[in-house]
Structure formats: C-alpha cells, structure tokens
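Just so you know, all these numbers are worked out from the coordinates, no wet-lab data involved. In this text the structure is predicted, and so the values were computed from the model without any measurement. All Cβ positions, even for glycine, are placed from backbone atoms using ideal geometry, and neighbour counts span all protein chains on display.
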Amino acid sequence: MTMTTTPDQTPATEQTFESFGLDPRILRALTDQGYTKPTPIQAQAIPVVLLGKDVMGAAQTGTGKTAGFALPIIQRLLPLSNASASPARHPVRALMLTPTRELADQVYDNVARYAQHTDLRSTVVFGGVDMNPQTEALRRGVEILVATPGRLLDHVQQKSVNLSQVQMLVLDEADRMLDMGFLPDLQRIINLLPAQRQTLLFSATFSPEIKKLASSYLKQPVTIEVARSNSTNENVRQIVYPVQDGHKQAAVVHLLKQRADAQQSKQCIVFVNSKIGCSRLARHLEREGINAAAIHGDKTQTERMQTLEGFKTGTIDALVATDVAARGLDIPAMPCVINFDLPFSAEDYVHRIGRTGRAGASGDALSIYVPGSDDRLLADIEKLIKRAVPRGTLDGFDPTGERARQEESDRRRQRTETRRPRENGATEEESTTRRRRTEPNGRQAFRPSDDPFFSRPYEPSGNYTPAPKTEDELAAALTRGRQAPKRPVAALLGGVPRKS
C-alpha cells in the first residue's frame, strides 16, 4: 500500500539534522557547508530513507532533493566503511542515476562533500570525456557511484564495474530520463542489480509515465510531496512578454540591459530550444556588448565544464543554453532565467525556471512568446502549473534601434555645443551659424552670402563688349581674335616651357 506524506503532516516541532540521528562526521560536513536546518523535502524524506523504505519523492527543483537521499544513504553505509586499500573492500553499494552529465557532476559534488570526513569512496562517470580515468577510479573501489545510464553501460561492457552488491538505487529526475529515451538502458541496468534493494525515485514532476515506472521498480513506496505536483516556486516572479516574430533577440538584449541599468545582477540563464539558435543568440549578445557563452549537446564535455565554471565565477554574464542545462545547475544566487523560446514540453518550463529562486531565495522567470505561433505552448504551461502567467510590457523597447540612434545623435550634438563657448559675445544663433561654417581643419569656410559683392545686381563693366548679333559682327570678332598676340599656353599653368 502506498503511503502519502503531505506538508500538513509535518511535525509541529521544528526538526534539525541532529534530530535524525545522523553521524557526527556527517553533521560536521553539513556545518562546513553552512547547513542550518533541513528543507521540507529533507525533513520528510531522510527519516523514511533511513528506515530502508522505497520512496517516490516529488518536490520543486532547488529544494534540496539531493541531500534528501544522499545524507541517509551515507548514514546507512557508514557501518560498512573502512580504510582498507583493497578494492574488494569497497564495492559499489549505492548507485545514483541521473539523465545529464551536468546533473551527475552536481550530485557527485554534493555526495563528496557530505562524505568528506568518512572513509566512504565515491566517483562519477558520464559521457563526453575520456573513460580511462573513470575506469581507474572504479577499479580502485567505490561505495557510492553517480552515473549517467549510457556511460555506466559502457563500463559494464568493459567489465570495469560490478553492480552485484548494490543495496540502494536512486533515480534522480526520472521523468527526464524517460523524455531522453533512457528506459531501455534503465531496464538493462536494473536487471544487473540485486532484487532485494532499496529504490528511491525523485523528480520535480510526476507524470503518468513516472507513476507507471514507479509501480514497476518500487515496492510499496512512500510517496512524499512537499508541494503540489508540477507546481512552481512561489519565490519566483513569472512574467511573459508578447513580442513580434523577428524581434526576440532584441527583446532579450533589452531585458538584460534593463536589469543592468537597474543595478540588478547581470547573471542570467537564457534557454533556447535548438542548438543552432543557442549559438546564434550567444554571438548576438556578444556583439551587443554582453558577456555571453553557449552550452548545448554539441559542445564537448570539457567546453561545457569550462563554460559552467566561467558562469559560476562571474566572468560570463549570460549563459545561453538548451535544456541540457535545465537540470543539474545548482547556483544558489541565480537571480534570473529568460525563456527565449517557450519549451515544447510544459514540464521543462518547471525545470527551467527552477534554476532561480533556489534555497529560499527570490528570482525572476521571464519568458518571450510570439502571439499566434506560441499560444499553444503557453496554454500547455499554464494548464500544467494551474495558474495564468502574467503578461508584461517592455517599457522603452526599440526593436529596430531607430530611437536609440536618434537619441545618441542628439546627445552627441548636445555635447559638442556644450564644449564650444559662444564667440565674441554673439548670440546663440549667430555662434551656432559660425560654427557650422567652420571647416574641419579650423579655417573659415567660404560662403557666397558672406560677401556683399555676390548680393549686388549685375552691372556691365566699361570693357564690356556685347555679343555679336549679325554675321558681319561675328566675322569681325573672329578676325580680332586671330590678330591678338599669341601667348604660350604653359604660361597659364605657371611657367613657360624651356626650349629643347
């Protein structure tokens, strides 16, 4: 029979990590990490996992699910820990499967920190990197193994890992595993595990497929839901902005610069549906003066890890990512998430905006959609989260850039006029007129209107000869021209040619 734990069943007295009976070495590690009190999912999951029961846990992303299963697993394995150098004394006893490399690395990092004062060994294996260092770590022996399904099966095929002594199995973000087509791999892995084991399934969303998966792999699980299924964090402010097709890139630039002008944090994750669109948007943001980088499945694992490290250290302001980053990124102070594209799957929206507002902090989830073409996607999201996402307006949004160019031209002209003082007590209009007549080299530019000669009516001079009117007058004029003294043409050009 399935048991269900809800928030209303939380004990009246506030629980602490000490109240769970955790080993002092684990408590010391939690103190090192700055943990003070358990989150709701931790408070309800840890006691159940310590009892050895199967668990089906649902909680909003960013609420501490990893500690909810990692801490009790470490506690249960401590009696078997030892300092022996023999690999046979360190078999794999706990297996944690995740859908993505980033999430696997994140889970492993947390496990290693929680167990740092114990003799338990842990490692992580995932694709995209060299297998040899992973093989060496596995052959030295580890009690806790974090892995992605595909790379784990590669090690199984190479006989570098033995799963026959696994006592605890964790399926983290199981719904994502199904979306990514890992069900056949999961079945192959589970067939290698002992039938008598504890199975824990954790996810931020519970779809019918997940419930069916749980019924196959879990035995009388305790269902723990600390929030309404498929709900979003109340600490996250959600806004959706209608934008015309073709203006989405300009809208993202506007939002990022608007936040920077308001002296809000520059860091933001921008989610895109396609790998090509991800790279294009990152390049566009770079051209607009925003430190941006792209992360998607075509990047090598080394490139992805370097990009994530640069983002965490603050050298990258905008991380443009596909859904490969929707799970596994744990940046507690992430202030903002922007959906450049609405996700095709409404569940991915929950995971995307779960990157902000983590660990009780507040955050902004801003989405851009094209009215008409994106209406169905937005309707699916609102149906899933059971609430309408407020519509917003982009104040001062100038998609074509015409307004910005005109304002910059006006500012430049104003700065120029402010730097140049008025000349000889002239009025502003006269001073401006004189400045406009000045050539770039500083000399006074000639204007015909400046000379009164050009404004007088035409008057014939005394040597004026009227044009010939008859043939005789024309012939006489030609004769006078032939009789005129001849001058060297070169004299008109500045000198007389020398005789050869």
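In whole percent, what relative contact order does the stretch 3-225 give with Cα contacts below 8 Å and a gap of six or more residues?
Details: 379 pairs, mean separation 65.2, N = 223.
Reported relative contact order: 29 percent.
Take each of the peptides 125-134, 36-45, 467-476, 69-78, average the number of other beta-carbon atoms within 10 Å over its residues, and list them starting from the highest.
On the way: 125-134: 15.8, 36-45: 20.6, 467-476: 10.0, 69-78: 23.6.
Packing proxy ranking, top to bottom: 69-78, 36-45, 125-134, 467-476.
Using the alpha carbons of the stretch 240-359, what is the convex hull volume per residue in cubic angstrom, as a whole number? Could you put the intermediate results ahead of the total?
Numbers: hull volume 13.0 nm³, N = 120.
Given the Cα convex hull of the stretch 240-359, per-residue volume reads 109 Å³.
Please list, ordered by chain and number, the residues whose modelled amide H lies under 5 Å from the amide H of residue 201; skip anything fewer than 5 residues away on the same chain.
Residues meeting the criterion, in which the H sits 1.01 Å from N, are 55, 56, 57, 171.
If R0 is 56 Å, what FRET efficiency do you get for residue 274 and residue 139 from their C-beta distance, rounded to 0.05? Write out the running numbers ahead of the final one.
On the way: r = 40 Å, r/R0 = 0.71.
Using R0 = 56 Å, I get an efficiency of 0.90.
Enter the mean projected area of the convex hull around the alpha-carbon atoms of the stretch 109-156, in nm², rounded to one decimal. Please report the intermediate quantities before stating the final value.
Working: hull surface 13.7 nm².
Over every viewing direction, the Cα hull of the stretch 109-156 projects on average to 3.4 nm².
Tell me, what are the semi-axes, in whole angstrom and largest first, of the equivalent ellipsoid of the stretch 136-265 as set by the roots of 5 times the Cα gyration tensor eigenvalues?
Details: eigenvalues 319, 87, 45 Å².
Semi-axes from the Cα gyration tensor: 40, 21, 15 Å.
If amide H atoms are built 1.01 Å from N in the plane of the peptide, which residues on other chains or at least 5 residues away come under 5 Å of the amide H of residue 129?
Correct list: empty.
Please give, to one decimal in nm, the separation of the simple spin-label points placed at residue 159 and residue 23, each 7 Å out from Cα toward the Cβ.
3.3 nm
I want to check the label-to-label distance for residue 187 and residue 303. Put each point 7 Å from Cα in the C-beta direction and report it in nm to one decimal.
In this crude label model, residue 187 to residue 303 measures out at 3.5 nm.
One-quarter of the Cα convex hull surface for the stretch 23-133, in nm²? Intermediate values should be presented prior to the final figure.
Values: hull surface 31.8 nm².
For the stretch 23-133, averaging the hull's shadow over all directions gives 8.0 nm².
Residues with beta-carbon under 11 Å from that of residue 54, excluding residue 54: net charge, scoring Lys, Arg +1 and Asp, Glu -1?
On the way: positive: 53, 197, 219; negative: none.
Here the count lands on +3.
Can you order the peptides 49-58, 181-190 by their average number of other Cβ atoms within 10 Å per residue, highest first? All intermediate terms of the calculation are to be shown ahead of the outcome.
Numbers: 49-58: 20.6, 181-190: 15.3.
Those peptides, ordered most packed to least, come out 49-58, 181-190.
Hey, with R₀ at 41 Å, roughly what FRET efficiency would residue 416 and residue 264 work out to, going by the Cβ-Cβ distance, to 0.05?
0.75
How do the peptides 368-377, 244-253 rank, highest first, by the average count of neighbouring beta carbon atoms within 10 Å per residue? Don't skip to the end; give the middle numbers.
Values: 368-377: 15.3, 244-253: 17.2.
Most protected by this proxy first, the peptides run 244-253, 368-377.
Enumerate the calculated ³J(HN,Hα) couplings along the stretch 362-377 in order (Karplus 6.51 cos²θ - 1.76 cosθ + 1.60, θ = phi - 60°), each rounded to whole Hz, writing x wherever the residue is Gly or Pro.
For the stretch 362-377, the Karplus curve yields 9, x, 10, 10, 10, 10, 10, 9, 9, x, x, 7, 9, 4, 5, 4 Hz.
Just list whichever of 65/312; 212/383; 37/383; 37/312; 275/312 have alpha carbons separated by over 29 Å in the model shown.
Violating the 29 Å Cα-Cα cut-off are 37/383.
Let a ≥ b ≥ c be the square roots of the eigenvalues of the Cα gyration tensor of the stretch 3-225; is it rounded (a/c under 1.5), or, if not, prolate (a/b larger than b/c) or oblate? Could the numbers behind the result be given before it?
Details: a/c = 1.74, a/b = 1.18, b/c = 1.48.
In terms of gyration-tensor shape, oblate.
How large is ³J(HN,Hα), in whole Hz, for each residue of the stretch 41-54 in order, when computed from phi with the Karplus curve 6.51 cos²θ - 1.76 cosθ + 1.60 and θ = phi - 60°, using x for Gly and Pro?
Working through the residues one at a time gives 5, 5, 4, 9, 7, 4, x, 5, 5, 4, 7, x, 7, 6 Hz.
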